[in-house]
Every structure is written in C-alpha cells, then in structure tokens.
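A.B. asks: What follows is a structure written as structure tokens; I'll ask about it next.
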Amino acid sequence: MSNAVFDTVRTVLAVREFDQRPVAGDVVGRILEAGRLSASSMNKQPWHFVLVREREGLARLGALVRTGPYIAEAAFAVIVAYRRDSRFGVSDASRAIQSMVLTAWGEGVGSNWAGFMGLDGVREWAGIPEGYEVLAVLPFGYPAHQLGRGKKNRLPFGEVVSVERYRASAELS
Ligand SMILES: Cc1cc2nc3c(=O)[nH]c(=O)nc-3n(C[C@H](O)[C@H](O)[C@H](O)COP(=O)(O)O)c2cc1C
C-alpha cells in the first residue's frame with residue numbers, strides 16, 4: 001500500500017545545490033503554512049519564521065551562516081527563530097522545520113537545515129528581537145541535480161530499533 005508521507009520521509013535528502021527556477025508563491029505559502037500548523041508543547045507556538053527572497057538578503061545569509069554558504073544560491077530561505085523563554089523552543093521549532101522540509105520535498109522543492117543556534121548575526125540582520133534565538137536557516141529551491149534515488153546513508157534498522165527491551169531483537173511481524 002502506498003503511503004505518501006512515508007515516501008516523502010524515505011526519499012527526502014539534504015539539498016545544497018539549487019537551480020535558478022523560481023518557486024511559485026503558492027508553494028512558498030504552503031511551506032510556511034506547514035511551519036505554522038506544526039504542533040508545539042502546550043500549543044504555545046513559540047516561533048517566528050522570516051521569509052527571505054531578495055538576492056541581496058540570501059547572499060548575506062550565506063555569509064552569516066558558516067555551515068551554509070550555499071544559502072546564497074537558494075530561491076528563498078526561511079529563518080527559524082524561537083522564544084528564548086520557551087523551555088520547549090528547540091523541539092517545537094525543530095518540528096516546524098521538519099514540517100517545512102517535508103512539505104517542500106512533497107512539492108519537488110529541496111531544502112536543508114543550516115546552522116544551529118549561535119546565529120545572533122542572522123537575528124540582528126533580520127531585525128528579530130533579542131528575546132528570540134535563531135535555531136536555523138532553511139534554504140529552499142529546486143535541486144540542481146537528482147539526488148540519492150531514494151538511497152540514504154543510515155544506520156541499520158536493527159542497530160537503532162529494539163523491541164520491548166533495549167537491544168532485544170527488532171523483528172516486527
Ligand atoms: C540539527 C541539524 C543540523 C544540521 N546542520 C547543518 C548545517 O549547518 N549545514 C549543512 O549543510 N547541513 C546541516 N544539516 C544536514 C545534515 O548534515 C544532513 O541531513 C545529514 O548529513 C544527512 O544527510 P541527508 O539528509 O542528505 O540524508 C543539519 C541537519 C540537522 C538535523
């Protein structure tokens with residue numbers, strides 16, 4: 001039986017090279033909406049998402065995020081910030097990130113998670129108040145190359161899954 005959600009999870013890969021095709025506004029809207037609709041602890045939604053589309057801004061983000069210079073080549077990017085006073089901010093914002101990445105992939109749009117906190121330069125550049133921490137910047141765009149063909153480099157199932165007790169055999173019937 002086919003399961004579109006599982007297939008999206010199974011095939012999604014980190015995309016770091018983008019072609020120059022623009023992404024339609026309704027697709028961009030669905031990606032941001034997927035972030036907004038994500039679940040959060042006690043439904044507090046302690047996040048803010050900043051959409052960056054201007055080339056100058058994308059170039060600036062590529063320079064500010066040391067581990068994501070390729071953001072400069074993306075069609076657009078989303079800065080994901082969470083309120084520092086939220087105990088669950090990292091988990092909540094991470095869940096929103098996954099929603100956006102999977103929704104994009106479902107539309108044929110590639111993306112990646114770039115950076116991990118300590119992105120105060122990004123926060124200041126985007127005018128995000130000090131009460132927020134920038135968790136990551138997500139570049140989005142159509143992939144420049146076909147990737148992976150559904151293959152992922154992951155630990156074997158039996159190494160990361162146990163049944164009933166830790167390290168008991170993971171045979172599912
Ligand atoms: C929390 C987190 C932080 C990451 N940070 C970066 C990053 O700063 N730069 C980057 O290029 N990729 C980053 N990645 C992407 C991972 O390196 C990538 O997903 C992983 O190597 C597996 O590759 P795959 O998704 O193509 O299977 C991050 C992923 C996660 C989940």
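A.B. asks: Given (1) at pLDDT 95 or above; (2) under 27 Å from R21 (Cβ atoms); (3) not in a helix (DSSP H, G or I), identify the lone condition not met by V122.
C.D. replies: Condition (3) is where V122 drops out.
A.B. asks: Moving to a separate point now. Would you be able to say whether some residue in region 132-143 is outside any strand (DSSP E or B), surrounded by fewer than 21 Cβ atoms within 10 Å (Cβ to Cβ) and not hydroxyl-bearing (S, T, Y)?
C.D. replies: Pass one, region 132-143, residues outside any strand (DSSP E or B): 142.
Now narrow it down to the ones that are surrounded by fewer than 21 Cβ atoms within 10 Å (Cβ to Cβ): 142.
Imposing the further condition that a residue be not hydroxyl-bearing (S, T, Y) reduces the set to none.
No, region 132-143 contains no residue that is outside any strand (DSSP E or B), surrounded by fewer than 21 Cβ atoms within 10 Å (Cβ to Cβ) and not hydroxyl-bearing (S, T, Y).
A.B. asks: While we're here: Restricting region 83-116 to residues that are in contact with a Ser or Thr (Cβ under 9 Å, 6 or more places away or on another chain) and hydroxyl-bearing (S, T, Y), which is nearest to the ligand (Cβ to nearest atom)?
C.D. replies: S91
A.B. asks: Next question. Only one of (1) over 26 Å from G118 (Cα atoms); (2) in contact with a strand residue (DSSP E or B) (Cβ under 6 Å, 6 or more places away or on another chain) fails for F18. Which number is that?
C.D. replies: Result: F18 passes all but (1).
A.B. asks: Might you check whether a residue that is touching a residue at least 12 places away in the same chain (Cβ under 8 Å), within 29 Å of A4 (Cβ to Cβ) and in contact with a Phe, Trp or Tyr (Cβ under 6 Å, 6 or more places away or on another chain) occurs anywhere in region 111-119? Step through it out loud before you land on a result.
C.D. replies: Of all residues in region 111-119, those touching a residue at least 12 places away in the same chain (Cβ under 8 Å) come to 111-117, 119.
Cutting the leftovers down to within 29 Å of A4 (Cβ to Cβ) gives us 111-114.
Imposing the further condition that a residue be in contact with a Phe, Trp or Tyr (Cβ under 6 Å, 6 or more places away or on another chain) reduces the set to 111.
Scanning region 111-119, I find at least one residue that is touching a residue at least 12 places away in the same chain (Cβ under 8 Å), within 29 Å of A4 (Cβ to Cβ) and in contact with a Phe, Trp or Tyr (Cβ under 6 Å, 6 or more places away or on another chain), so the answer is yes.
A.B. asks: Tally up the residues in region 30-65 that are within 19 Å of F116 (Cβ to Cβ), within 16 Å of the ligand (Cβ to nearest atom) and within 17 Å of the chain's Cα centre (by Cα), please.
C.D. replies: Final tally of qualifying residues: 6.
The values are calculated or read from the model by the stated rules, or taken from the named source; none is laboratory data. Since this is a predicted model, take the numbers as computed values, not measurements. Neighbour counts run over all protein chains shown; Cβ positions are idealised from the backbone, glycine included.
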